[in-house]
Every structure is written in C-alpha cells, then in structure tokens.
Amino acid sequence: MEIKIIGIKNIPLIKKDDDLSQLILKAMDNQNLDVDDGDILVIAETAVAKADGNIINLKTIEPGKKAHELAKFTGKEVKLVEAIIEESNEIVKVGPDFIICETKHGFVCANAGIDESNVDKGMATPLPLDPDSSAYQIRKKIEMNTGKKIAVIISDTQGRAFREGAIGTAIGISGMEPLWDRCGEFDLYGKELKTTSIAVADELTSAASLVMGQANEGIPVVIIKGIPYFEKLKNDTATINPLIRPKRYDVFRD
C-alpha cells in the first residue's frame with residue numbers, strides 16, 4: 001500500500017468571497033496534479049474563514065467584566081479573551097496561560113479555536129461558522145468540475161488532553177465518514193474486535209499537517225491519494241458529529 005500526501009503550492013492569500021474550489025483546481029493544474037476518485041483534500045480552517053469573511057477585528061471589541069478577570073488570571077490580551085468568550089458555549093478549564101472552551105460547534109479546545117496566525121495584526125480568525133457545510137460546498141464544486149468522487153476535510157491545529165504539543169484535527173468533513181467502526185472484525189489471532197473505532201478524519205488531518213506546516217510554509221491545502229478505505233467509508237451526507245463525544249460520556253469534565 002502506498003499513500004501520497006501532496007501539498008498544493010502557490011495558492012494565493014485568501015480574500016473574502018474567494019472561490020476556494022477554483023483556487024485549488026487552478027493551483028493543482030499548475031502543479032500538474034489531477035483529481036482522482038478517492039482523493040481527500042484537507043483544507044486549513046483559516047483559509048475557509050478568510051473566504052467566508054469570518055474574521056474578528058480585535059480592535060473593535062469591548063471586553064466585559066469576565067474577560068478582564070480571565071485576562072488578569074491567564075495573562076492573555078483582554079480583547080482576545082472577550083472574543084474567546086463570545087465564541088464559546090462554555091468555559092471548561094482555565095489555567096495560568098490557557099482557556100479551554102467548548103465552542104459553539106461542540107469542540108473542546110483552547111481559546112475556542114480562535115487563531116491569530118496568518119492574518120493581519122490586530123485580526124483573528126474564529127473557526128468557520130459551519131465547517132461541514134464549507135467542506136460540502138467545496139467538495140460538490142470540485143466534483144462537478146472534475147467528475148470525480150472525493151472527500152474534503154476542514155482542519156484545525158489543536159492540543160490534546162494529557163499530551164504536549166498540537167496536531168492537525170478534523171473540524172469538518174464531507175464525502176466520507178470521520179469514524180471507522182471496526183467492531184465485529186478480527187485481529188491476527190482471530191479475536192473479535194469489541195470496541196475499536198478509528199478516528200480516520202483526525203488521522204488524515206494529522207498526516208496532512210506534516211506537509212501543511214504551522215508557520216510560513218504557505219500550504220493551506222493538501223491532497224491525500226491512495227487511501228484504501230475510502231470506498232468503504234464514502235458517504236455523501238457524513239458530518240463531523242460522530243467524532244464529538246457527548247458531554248454525558250465526558251468523564252474529565254466537572
């Protein structure tokens with residue numbers, strides 16, 4: 001088995017109302033890359049937020065009392081803290097230099113997923129309003145232009161509980177299931193798998209992150225070719241929801 005992870009180069013800086021699907025196809029054409037059935041595109045959430053015009057101007061924010069309290073405790077800039085509060089359903093945990101939140105989408109992550117990198121000074125990008133919808137729209141346009149069946153994943157960089165460092169994480173998907181339930185299959189010794197579910201969308205996003213980078217690499221889109229389980233997990237109506245653990249099963253939250 002061979003899997004190829006290829007960064008799509010020379011995609012220009014994204015502006016509001018840009019058509020990401022057309023920018024991706026043009027860049028792939030310039031790179032002599034074809035779209036094939038079963039390809040998976042991983043797209044950085046910052047690119048999606050910019051195309052949607054979903055950008056926060058921190059200068060215009062008026063922080064409230066809670067923001068001032070959290071800013072003093074965490075050392076974060078108070079306007080950023082207010083933006084974090086506004087993008088959150090719940091503040092889960094607060095530490096000397098972090099604010100863990102549940103976003104409006106249901107993701108539990110630092111700073112409600114707000115990113116100050118790769119945008120102008122004083123600006124920040126929140127998570128896309130509806131990452132699944134964004135993934136769906138991009139996928140359908142590319143499929144319409146190419147006649148190929150693909151999947152699209154929207155990625156973010158997030159930390160993990162009990163682990164240092166951040167990795168690529170899927171926050172939106174279209175075209176394939178994000179979770180592969182392998183219960184009922186058998187291991188090498190013939191034992192039946194009872195509880196094995198694989199977060200394939202997160203695995204693919206982390207793999208793409210190796211090429212996408214986190215600094216000035218300038219590669220907001222990665223194409224992954226040769227995924228053997230695409231046909232098994234192909235689903236036109238898939239969403240990211242299966243990866244979100246229901247709060248009632250979250251044993252680490254108070």
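The values are calculated or read from the model by the stated rules, or taken from the named source; none is laboratory data. In this text, all values refer to a predicted model and were calculated from it rather than measured experimentally. No Cβ is skipped: glycine too gets one built from the backbone with ideal geometry, and neighbour counts run over all protein chains shown.
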request  = Determine the pairs where a residue that is closer than 25 Å to Ala151 by Cα, located within segment 239-254, has a partner that is acidic (Asp, Glu) with Cβ atoms under 6 Å apart, the partner being 6 or more residues away or on another chain.
outcome  = Thr239/Asp132; Ile240/Asp132
ask   = Using beta carbons and a limit of 7 Å, which pairs, at least six apart or on different chains, have the first residue in segment 73-87 and under 12 Å from Ala110 (Cα atoms) and the second one of a type in the set (S, T, N, Q)?
value = Ile84/Asn111; Glu87/Thr103
task = Search segment 85-101 for residues being of a type outside the set (Ser, Thr, Tyr) and touching a Lys or Arg at 6+ places or on another chain (Cβ under 8 Å), and hand back the single one that is surrounded by the fewest Cβ atoms within 10 Å (Cβ to Cβ).
result = Asp97
Unmet criterion (only one of (1) more than 14 Å from Ile114 (Cα to Cα); (2) out of contact with any Leu (no Cβ under 7 Å at 6 or more places or on another chain); (3) modelled with pLDDT under 95) for Val94 = (2)
ask   = Does segment 183-195 include one or more residues that are surrounded by 13 or more Cβ atoms within 10 Å (Cβ to Cβ), more than 13 Å from the chain's Cα centre (by Cα), of a type outside the set (Gly, Ala, Ser) and assigned to a strand (DSSP E or B)?
value = no
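Within the group Thr196, Thr169, which residue is outside the structural domain of Glu102 (by TED's automatic domain parsing) and closer than 27 Å to Cys101 by Cβ?
Going through Thr196, Thr169 in turn, just one is outside the structural domain of Glu102 (by TED's automatic domain parsing) and closer than 27 Å to Cys101 by Cβ: Thr169.
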task = Under 7 Å between Cβ atoms, at least 6 apart or on separate chains: pull out the pairs that start in segment 120-134 with a residue that is in contact (Cβ under 8 Å) with a residue 12 or more places away in the chain and end on any residue that is among the basic types (Lys, Arg).
result = Gly122/Lys59; Thr125/Lys50
query = If we scan segment 121-130, do we find a residue that is part of a loop (DSSP other than H, G, I, E, B), farther than 27 Å from Leu13 by Cβ and over 12 Å from the mean Cα position of the chain (by Cα)?
reply = no
note = Scanning segment 141-163 residue by residue, those surrounded by 15 or more Cβ atoms within 10 Å (Cβ to Cβ) and out of contact with any strand residue (DSSP E or B) (no Cβ under 8 Å at 6 or more places or on another chain) turn out to be Lys141, Glu143, Thr146
All positions within segment 13-60 that are assigned by TED's automatic domain parsing to the domain that holds Glu90 and free of Cβ contacts under 8 Å to residues at least 24 places away in the same chain = Thr60
message = For segment 146-159, check the following and say yes or no: at least one residue is part of a strand (DSSP E or B), over 14 Å from the mean Cα position of the chain (by Cα) and more than 24 Å from Ala238 (Cα to Cα).
response = no
